[in-house]
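Every read-out reported here was derived from the displayed coordinates using simple, explicitly stated rules and does not represent laboratory data. Nothing here was measured: the structure is a model prediction, and the numbers come from that model. Cβ sites come from the backbone with ideal geometry, for glycine too, and all protein chains shown count toward neighbours.
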Amino acid sequence: MTGASTYNIFGKRVFVAGHRGMVGSAVVRRLASENCTILTADRRELDLTKEELTLRWLEANHPEIVVHAAAKVGGIAANNNFPVDFLCDNLAIELNVIRASHAVGVRRLLFLGSSCIYPKHAKQPISEDELLTGPLEPTNEWYAIAKIAGLKMCQAHRRQHGDDFISAMPTNLYGPGDNYHPDHSHVPAALIRRFHEAKLANVPTVTVWGTGTPRREFLNVDDFADACVFLLKQYSSDMPINVGSGDELSIADFATTVADVVGYKGKLVFDTSKPDGTPRKLLDSSRIRGLGWRPNIALRPGLAAAYADFLKGHGRHLEVNASS
Ligand code: GFB
């Protein structure tokens, strides 16, 4: 079953939960070219970890569509260091947004997960059927369990109430508006910042975490936002759907590419005391390809655009001088 369906978002009220994050802001950018009304709420106005506030906000603003991009996210170290936040905050946000969406009669909800929901040693490329077939990668099991619960909440609402709630699982994302925290970011933002600062300071070596051997598939966040809009219009199923690029490489090769894009000429040193995480998580994206969606942004030009965005100071945790 492909899950193909047609839904018109023309003229609809679309709430993007988490619009300040890298994914949420990309979804807002992408929706700007659709004829719909985009609803957002700052954290001061709406704390999604609060059930009553979330319900009242949705009642007052009555969206017809919700894109659930709100989550506590971070890279391998943040996942390891803040298990309570990654498990409990994410569960609370999911429960509040999904239940309130049901209560106010939202017609379509898109929940965003992560490729880390799949078992550490899943068959590659990872199809959606691999869910819950084996143990998770320990560095991110808190986040993964929260995300699995979120997609199960969507499935449960479909089954019990007939709600048209769907879930998409993106591969590792990068792009404009990323979080450049030196310790808590994902690898693309971490390395853009580290190579940039090393270039400015003429530092001869840059440290890359782990052995460099894990493989990751990278998708530009603007491509992912495009996939989100595509799925809102064309997908309806209780099966989560994978969204990948097919651009897979080792962390060592990825680091070399980022260094090149940034213009850093020194040497890379691998710190094997840092965790590698899962060895490989290439998504099988044949279901979304079969529906007719494909990515448009190749890794190298995508990274160049992300670096340009970093230089403009658009990311978060950019208290450092980003000028080149
Ligand atoms: O991006 P990242 O933190 O996420 O790390 P995961 C990917 C790989 O890059 C790991 C290596 O093998 C890291 O050891 N790496 C090298 C670095 N240098 C660095 C660095 O400076 N910073 C970081 N962060 N990594 C996350 C999950 O796993 O993937 C999340 O923890 C989420 O829950 C996300 O699912 C998509 O791919 O390992």
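Below, the figures for the structure above:
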read-out: Beta bridge orientation in the chain: antiparallel %, DSSP, nearest 5; value: 10 percent
read-out: At R0 = 56 Å, FRET efficiency that the Cβ-Cβ distance of Lys267 and His121 yields, to 0.05; value: 0.95
read-out: The chain, helix-only ellipticity at 222 nm - DSSP H runs n ≥ 4, -39,500 (n - 2.57), divided by all residues, nearest 500; value: -11500 deg cm²/dmol
read-out: Distant-in-sequence amide H partners of Phe270 (H built 1.01 Å from N, under 5 Å); value: Val208
read-out: Order by protection proxy (mean Cβ within 10 Å, highest first), peptides 280-286, 163-169, 5-11, 245-251; value: 163-169, 280-286, 245-251, 5-11
read-out: Nearest-0.05 FRET efficiency for Val203 and Asp183, computed from C-beta distance (R0 25 Å); value: 0.90
read-out: Amide H contacts under 5 Å for Val73, placed H, 5+ residues apart; value: none
read-out: Net charge dipole size for segment 207-257 [Lys, Arg +1 and Asp, Glu -1 on Cβ; Debye, nearest 20]; value: 100 debye
read-out: Set Lys120/Lys199; Lys72/Lys281; Lys72/Lys152; Lys199/Lys312 screened for pairs whose C-alpha atoms are more than 26 Å apart; value: Lys120/Lys199
read-out: Additional length obtainable on full extension of the chain from Arg316 to Leu132, 0.36 nm per residue less Cα span; value: 62.9 nm
read-out: Approximate spin-label separation Asn296-Glu45, in nm, with each point projected 7 Å along Cα-to-Cβ; value: 2.9 nm
read-out: Hydrodynamic radius (Kirkwood) for segment 1-60, which is based on Cα pairs only, to one decimal in Å; value: 13.1 Å
read-out: FRET efficiency estimate (nearest 0.05) - Cβ-Cβ, His161 to Arg289, R0 41 angstrom; value: 0.85
read-out: Debye intensity ratio in log₁₀ form over the Cα atoms of segment 222-324, taken at each q of 0.10, 0.17, 0.20 Å⁻¹; value: -0.42, -1.03, -1.18
read-out: Simple spin-label estimate for Ala103 and Phe82 in nanometres, 7 Å along Cα-Cβ; value: 2.6 nm
read-out: Mean-position separation - Cα centroids, segment 222-263 and segment 84-143, in angstrom; value: 17 Å
read-out: Long-range amide H partners of Val243 with built H, under 5 Å; value: Met169, Thr171
read-out: Where labels lie 7 Å past Cα in the beta-carbon direction, separation of Arg20 and Ala4 in nm; value: 4.2 nm
